[in-house]
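Supplied in structure tokens, the structure appears directly below.
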Amino acid sequence: MPLTRRHILASGLAAPALLKFGLNAAQAATTLKLSHQFPGGTIDEGDFRDRMCRKFAAAIAERGKGALEVQVYPGSSLMKTNAQFGAMRKGALDMSLYPSPYAGGEVPELNIGLMPALVTSYAQGVAWKKAPVGRKLIEILDSKGIILVSWVWQAGGVASRERPLYAPADAKGLKVRGGSREMDLMMKQAGAATLSIPSNESYAAMQTGACDAVITSSTSLISFRLEELAKALTSGRERSYWFMLEPIMMSKIVFSGLPKDQQDLIMSVGEELEAFGQAGAKADDTRVEEVFAKAGAKVQNLDEATMGKWREIARETAWKDYAGKNANCAELLKLAEQVS
């Protein structure tokens, strides 16, 4: 599908190069903007999610032969975190590495990307892509104007200001950031109060005392320096009830406006980088323990019995609530339970 003037005007924020050079030049040099909320670094140093985006941009530049370029905007520097998904749906943002449950308010099905105790290993999460649950999720996203370019799963842990949040009994009286509606339902049932904020606001919330414990990915626990405020870490290295789908997504409006060879290049590079993303996530599961232990925090890993207690609560609260949202949610949950 060729680029049209209507598409170019609709995507003014996302692709100013098209407006600057006009239609003919745009065919020769299209610039896509890739936004994310995480700290910026270099292609070799820093948060692996930022590095993954930079590697994506470098591969596109090299193999696109000057016809396609990607600019990376870290730290929500292009637009606020929660605005990115809606902007992609409208064609006002080209791409984002985006935590899927952040979009649950617009597309409730996406909350399955952080369903407590549903995915409990990387192998299980990776298997989603080619399983019926993954195909169904891709189909739903496509219908909502989003192309899923690169799958990334991350395990998470809990950083606590004072006492550890390890077993469900520990949650009582704590103010907890869980990361999704479903995680909050589980935590509330366990006795916690919850607050809904992006992970890049976690440090300020813990610093002011608005939050007692933050549950987020190992990478975010490191990147947002939560070891400076925490006395305890429940690590996700051995097992975790917190696994988030945090993929690179793309606006379908923008994607559809590109020539077929550029579409194929984007999808090919996205798939190739999935191994880098999973390796980066796993490495940070180990590194986060080292960072927090060095800062003096007590570090623990969940045992299977405690994991089972969390799963029981999740099944009766978050899973049940999600399945009742709509037929798609019920089907996705059923399909996800089939992946072991």
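Could you calculate the FRET efficiency of residue 69 with residue 231 from 1/(1 + (r/R0)^6), where r is the beta carbon distance between them and R0 is 45 Å, rounded to 0.05?
Working: r = 45 Å, r/R0 = 1.01.
E(calc), rounded to 0.05, equals 0.50.
5 Å is the cut-off here: which amide hydrogens, built 1.01 Å from N in the peptide plane, fall below it relative to residue 71, excluding neighbours closer than 5 in sequence?
Result for residue 71 returns 32, 33, 34.
Using a Förster distance of 35 Å, how high is the FRET efficiency between residue 29 and residue 283, based on the Cβ-Cβ distance and rounded to 0.05?
Values: r = 36 Å, r/R0 = 1.02.
According to the calculation, E is roughly 0.45.
Where a ≥ b ≥ c are the square roots of the eigenvalues of the C-alpha gyration tensor, would you call segment 79-156 rounded, which needs a/c under 1.5, or, failing that, prolate if a/b is larger than b/c, or oblate? Show your work: numbers first, answer last.
On the way: a/c = 1.94, a/b = 1.55, b/c = 1.25.
It is prolate, given that a/c is not under 1.5 and a/b is the larger ratio.
Moving on to the next point. At what distance in nm do the modelled label points of residue 238 and residue 138 sit from each other, each positioned 7 Å from its Cα along Cα→Cβ?
3.6
Residues in segment 114-152 near a label at residue 304, defined as backbone nitrogen under 19 Å from the 7 Å Cα→Cβ point?
117-125
With a 1.4 Å probe and every protein chain kept in, tell me what percent of the accessible surface of segment 105-172 is carbon plus sulfur. If you can, show how the numbers build up before the last one.
Details: 1230 of 2230 Å².
Its accessible area is 55 percent carbon and sulfur atoms.
If you don't mind, another one. Around residue 195, with a cut-off of 11 angstrom between Cβ atoms, what is the net charge of the other residues, counting Lys and Arg +1 and Asp and Glu -1?
Values: positive: 175, 177; negative: 184, 201, 212.
Around residue 195, the charge tally is -1.
Check residue 299: other-chain or 5+ apart residues with amide H under 5 Å from its amide H, H built from backbone geometry?
233
Moving on to the next point. Express the accessible area of segment 135-266 per residue in Å², computed with a 1.4 Å probe while the remaining protein chains stay in the model. It would help to have the intermediate numbers written out before the result.
Working: 4330 Å² over 132 residues.
Ligands and nucleic acids excluded, the result is 33 Å² per residue.
Under 13 Å from the Cβ of residue 75, count the other residues' Cβ atoms, weight Lys and Arg +1, Asp and Glu -1, and hand me the total. Please list the in-between numbers first.
Details: positive: 49, 80; negative: 47, 50, 201.
So the environment of residue 75 carries a net charge of -1.
Now for a separate question. Packing-wise, with mean Cβ within 10 Å as the measure, how do 325-337, 91-103 rank, highest first?
Working: 325-337: 16.2, 91-103: 26.2.
Highest-to-lowest ranking by the protection proxy: 91-103, 325-337.
When the chain is fully extended, how far beyond the present Cα-Cα distance does residue 204 get from residue 275, taking 0.36 nm per residue of separation?
22.3 nm
Another question about this same structure. Among 135, 315, 181, which one shows the highest mean-square fluctuation when the chain is modelled as a Gaussian network with alpha-carbon springs under 10 Å?
Maximum fluctuation in the GNM of the chain, among the listed residues, is at 135.
The values are calculated or read from the model by the stated rules, or taken from the named source; none is laboratory data. Here the structure is a predicted model, which means the values were calculated and not measured. FYI the Cβ positions are ideal-geometry reconstructions off the backbone, even for glycines, and counts take in every protein chain you see. Just so you know, the surface numbers come from the protein's heavy atoms only, side chains and all, with ligands and any DNA or RNA stripped out. Shrake-Rupley method; radii C 1.70, N 1.55, O 1.52, S 1.80 Å.
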